[in-house]
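The values are calculated or read from the model by the stated rules, or taken from the named source; none is laboratory data. Quantities reported herein were computed from a predicted structural model and do not represent experimental measurements. We place every Cβ from the backbone using ideal geometry, glycine too, and count neighbours over all the protein chains shown. All accessible areas refer to the heavy atoms of the entire protein, side chains included, with ligands and DNA or RNA removed. Shrake-Rupley method; radii C 1.70, N 1.55, O 1.52, S 1.80 Å.
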Amino acid sequence: MKISLSTESVTHISTEILVLGILEKGVGKDDDVVKLDKAMSGALMQHVKDEGFTGKEGETLKVPARGRVKASWIVLVGLGSCVSHADGIRLASVIGARSVRRQKTIAVRVPEATEALVRAGAEGLTTGPYRYDRFFTGNRKPKGGLKKAVLLVPSLAERFSNAVEEGVIVGEAINVARDLVNGPPNVINPPALADFAAEACSQYGVTCDVWGKAQIEAAGMPLFLAVNAGSGVEPRLIHMSWTPKNSKKRVVFVGKGLTFDSGGLCLKPAKAMAHMKCDMGGAATTIGAVLAAARLKLPIEVHGVIGSTENMTGSFAYRPGDVYSSYDGKTVEIANTDAEGRLVLADVLAWARELEPDFMIDHATLTGACMVALGPWTAGLYANDPELLEMYYASSTQSGESLWKMPLDDDLKKTLASDIADLKHISSLPYGGSITAALFLSEFVGKTRWAHLDIAGPSFTEKEHEYLPQGGTGFGVSTAVAFLEQIS
């Protein structure tokens, strides 16, 4: 889809879909609504009254113009009491794009001429139409789709074209993460994930080094390999590197890449296992963030390190009661084989800290406990450095994604004590599961300034995607990019 800019008025823009974001209870006060209503001889406001449209967040009203203005359809999108104008434009663009059925062209009103709003609009128009349709055939294979989009701005400036390009890059990075998470586990396994990362990196000047099982074993990552032991598919360690000249900082993103998690010998119930292809959401975020950094040519050295494996139940599967050493040297007693992600991350974080980053951030679909606490679309944010905690949280508010600051409670760390090893990898208490998982990870980061996101992992199918109105919530690609830009 090609996205362009125009200063054409809402009554004269030639498009099939015209989208206006409307604040709650603000529809009658909106100047452009008034203009459109006048041109349509009162038909627009009559539809507003008939349908009871008030502008609540996510509410939509699609009205046929019937030749009275140059747009074929007027789509009003409720923004609620949206405080951020960028969030409002992103929301209007995403929902407006989803209102398309057979149309090919769309225009979205941007009420203020700023780079931030233009970029948010371009990002929303890129993520909004997303559908995972790779395996549809015949009549189920989608036809058509948006071909042309226009952002209507009060005035034009050369820098706005750059903002459009940046918004598209971030939106496409989000869609890359969605495609990877939606990919079935027989297609997206550790070798396939590594191949995808390597091929994508080659397109954008990013170095990609991939280790197989023998190299992981030689490096000394017994926790990582313990999780892999029950699988017939070999693991991969993926190291992506964007290293521009004269970089100001070094950031390492670490991603949990469990391409399928059966729970191991502590087998998950069938219903809980159904979506475990999503357990590599952290890896998908990492790939998307590094590719976006390279495409945006950010002056930051950015690394992405991913530990990828399956957690299966084969003859050599690791067991509750086993004790393993780690890359860091600490010994770990296994208490539950379904708490496998933190074991992979423990070795990978310890290895990645040797890159001596200024900041190290891991993304992981780590605990159901976090979803119990925060719901499925808000990530828990932990950090061992107060400044990093605030910086990353600020980046999330800029990107429109939902994070919640969580505590690293030292009192709970005592519950990770083991009678036969340095520590257990899950708590002896049935409480604070997300916190104790983060505390376990903190044992392997040394003095590195580190943040951990415990993220939810719903697949981005059309039905589930309806609950994620801003288009990026769930994995954190755009927050990672906003953080990199903040420290640039």
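Residue count for the range 156-171 under the criterion of being modelled with pLDDT under 95, over 30 Å from Pro184 (Cβ atoms) and open to solvent by less than 50 Å² (accessible area, probe 1.4 Å): the result is 1. Among the residues of the range 440-457, is any closer than 28 Å to Asp338 by Cβ, of a type in the set (A, V, I, L, M, F, W, C) and at pLDDT below 95? Scanning the range 440-457 turns up at least one residue that is closer than 28 Å to Asp338 by Cβ, of a type in the set (A, V, I, L, M, F, W, C) and at pLDDT below 95. How many residues does the range 269-296 contain that are part of a loop (DSSP other than H, G, I, E, B), at pLDDT 90 or above and open to solvent by 40 Å² or more (accessible area, probe 1.4 Å)? The qualifying residues number 1.
Here Ser9 passes the criteria (1) over 21 Å from Leu146 (Cβ atoms); (2) part of a loop (DSSP other than H, G, I, E, B); (3) within 33 Å of the chain's Cα centre (by Cα) except the one numbered (3).
Of all residues in the range 401-436, those satisfying the criterion of being more than 15 Å from Ala339 (Cα to Cα), in a loop (DSSP other than H, G, I, E, B) and among the hydrophobic types (A, V, I, L, M, F, W, C) are Met406, Leu408, Ala417, Ile420, Ala421. Beta carbons closer than 8 Å, at least 6 apart along the sequence or on distinct chains, pair a first residue in the range 22-40 that is within 17 Å of Ser93 (Cα to Cα) and part of a strand (DSSP E or B) with a second that is at pLDDT below 95 and of a type in the set (A, V, I, L, M) for Ile22/Leu79; Leu23/Leu79. Among the residues of the range 101-113, the ones that are more than 14 Å from Ser72 (Cα to Cα) and at pLDDT 95 or above come to 2 in all.
Beta carbons closer than 6 Å, at least 6 apart along the sequence or on distinct chains, pair a first residue in the range 371-400 that is on the phi > 0 side of the Ramachandran plot with a second that is in a helix (DSSP H, G or I) for Gly400/Asp87; Gly400/Arg90. Of the candidates Asp30, Asp50, the single residue that is modelled with pLDDT of 95 or more, buried (at least 18 other Cβ atoms within 10 Å of the Cβ) and charged (D, E, K, R) is Asp30. Going by the structure shown, is Ile426 touching a strand residue (DSSP E or B) at 6+ places or on another chain (Cβ under 9 Å) and either modelled with pLDDT of 95 or more or surrounded by 23 or more Cβ atoms within 10 Å (Cβ to Cβ) (or both)? When the stated conditions are applied, Ile426 does not pass them.
Residues in the range 239-267 that are outside any loop (DSSP other than H, G, I, E, B) and touching a His at 6+ places or on another chain (Cβ under 9 Å): His239, Met240, Ser241, Trp242, Arg250, Val251, Val252, Phe253, Val254, Gly255, Lys256. Screening Asn336 against (1) polar (S, T, N, Q); (2) more than 20 Å from the chain's Cα centre (by Cα); (3) open to solvent by less than 10 Å² (accessible area, probe 1.4 Å) leaves a single unmet condition, (3). Restricting attention to the range 1-27, the residues that are buried (at least 21 other Cβ atoms within 10 Å of the Cβ) and among the small types (Gly, Ala, Ser) total 1.
For the range 187-230, filtered to residues that are over 22 Å from Phe253 (Cβ atoms) and assigned to a helix (DSSP H, G or I), the residue that is least open to solvent (accessible area, probe 1.4 Å) is Ala226. Pairs linking a residue in the range 222-250 that is free of Cβ contacts under 8 Å to residues at least 40 places away in the same chain to a residue that is of a type in the set (A, V, I, L, M, F, W, C) and open to solvent by less than 10 Å² (accessible area, probe 1.4 Å), with Cβ atoms under 7 Å and 6 or more positions apart or on different chains, are Leu225/Ile216.
Residues are listed down the side, and each one gets a yes or a no for (1) over 15 Å from the mean Cα position of the chain (by Cα); (2) among the charged types (D, E, K, R); (3) within 30 Å of Gly212 (Cα to Cα):
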{"residue": "Leu151", "(1), (2), (3)": "yes, no, no"}
{"residue": "Val164", "(1), (2), (3)": "yes, no, no"}
{"residue": "Gly171", "(1), (2), (3)": "no, no, no"}
{"residue": "Pro185", "(1), (2), (3)": "yes, no, yes"}
